[in-house]
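Working notes for the structure below.
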């Protein structure tokens, strides 16, 4: 089994700041904010966290940036190498699909043509049978033959498009909007970005039907 390879990016600087962070969760769990003193102590821990996060960013961000740039370059080279193949795919795939659709249309047309021939032959056979019954003086039988529904079994013609190993046709259902005003409400999605923008810009001074705009207090910590 192939094992995943992990890139080791640890340096003295990253290890130092990582170790500094290890004791902070224990300090946070130990503090109980019950009065002004403990409130201030908790605030000091938060300031420490902010400072450590800044140190961690300074240690890791250059590494992340280099890795990101390397990833972008590798992706760009891969895309460049694949571009001619994608171009060729975009030529061949539609051509195969178009040929398959045309052959399917012709196959269905031939099935219908042969079924129509069979239906007419059955109608002619019924007519001759009814005429014979009428000649024999059995008008009721002749009428019953004429009135009996004509049944012709389905005609099935095998598909003639060749099968290429590894190539298959998959029907993918898509859609296009022809009249947005007619779309039922259950298929509509609220514009969360627009609603959020209104909430932040108006601070609740404008109400949107069906939407509750409210505020929450969040604690922000800066670095001394």
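Results, tabulated for the structure shown:
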quantity: Those residues of the stretch 111-156 which are closer than 30 Å to residue 96 by Cβ, modelled with pLDDT of 90 or more and surrounded by 13 or more Cβ atoms within 10 Å (Cβ to Cβ), in sequence order; calculated: 111, 114, 115
quantity: Sole residue being assigned to a helix (DSSP H, G or I), touching a residue at least 24 places away in the same chain (Cβ under 8 Å) and under 30 Å from residue 11 (Cα atoms), chosen from 59, 70, 97, 74; calculated: 59
quantity: Count of residues meeting criterion [within 29 Å of the chain's Cα centre (by Cα), in a loop (DSSP other than H, G, I, E, B) and surrounded by 10 or more Cβ atoms within 10 Å (Cβ to Cβ)] in the stretch 186-224; calculated: 3
quantity: Checklist (1) modelled with pLDDT under 90; (2) farther than 30 Å from residue 53 by Cα; (3) in contact with a helix residue (DSSP H, G or I) (Cβ under 9 Å, 6 or more places away or on another chain) applied to residue 172, failing item; calculated: (3)
quantity: Filter pass, residue 88 being surrounded by 10 or more Cβ atoms within 10 Å (Cβ to Cβ) and either at positive phi or at pLDDT 95 or above (or both); calculated: yes
quantity: The stretch 16-39, residues that are surrounded by 11 or more Cβ atoms within 10 Å (Cβ to Cβ) and within 18 Å of residue 221 (Cβ to Cβ); calculated: 17, 20, 21, 24, 27, 28, 31, 33, 38, 39
quantity: Search result, residues across the stretch 171-185 that are in a loop (DSSP other than H, G, I, E, B) and exposed (fewer than 10 other Cβ atoms within 10 Å of the Cβ); calculated: 171, 172, 173, 174, 175, 176, 177, 178, 179, 184
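One line per residue, one yes/no per condition, for (1) in a loop (DSSP other than H, G, I, E, B); (2) under 30 Å from residue 92 (Cβ atoms); (3) out of contact with any strand residue (DSSP E or B) (no Cβ under 6 Å at 6 or more places or on another chain):
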position: 110; (1), (2), (3): no, yes, yes
position: 113; (1), (2), (3): no, no, yes
position: 132; (1), (2), (3): no, no, yes
position: 146; (1), (2), (3): no, no, yes
position: 157; (1), (2), (3): yes, yes, yes
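The values are calculated or read from the model by the stated rules, or taken from the named source; none is laboratory data. Treat the numbers as computed from the prediction; the structure is a model and nothing was measured. Every residue, glycine among them, receives a Cβ derived from its backbone with ideal geometry; neighbour counts consider all protein chains shown.
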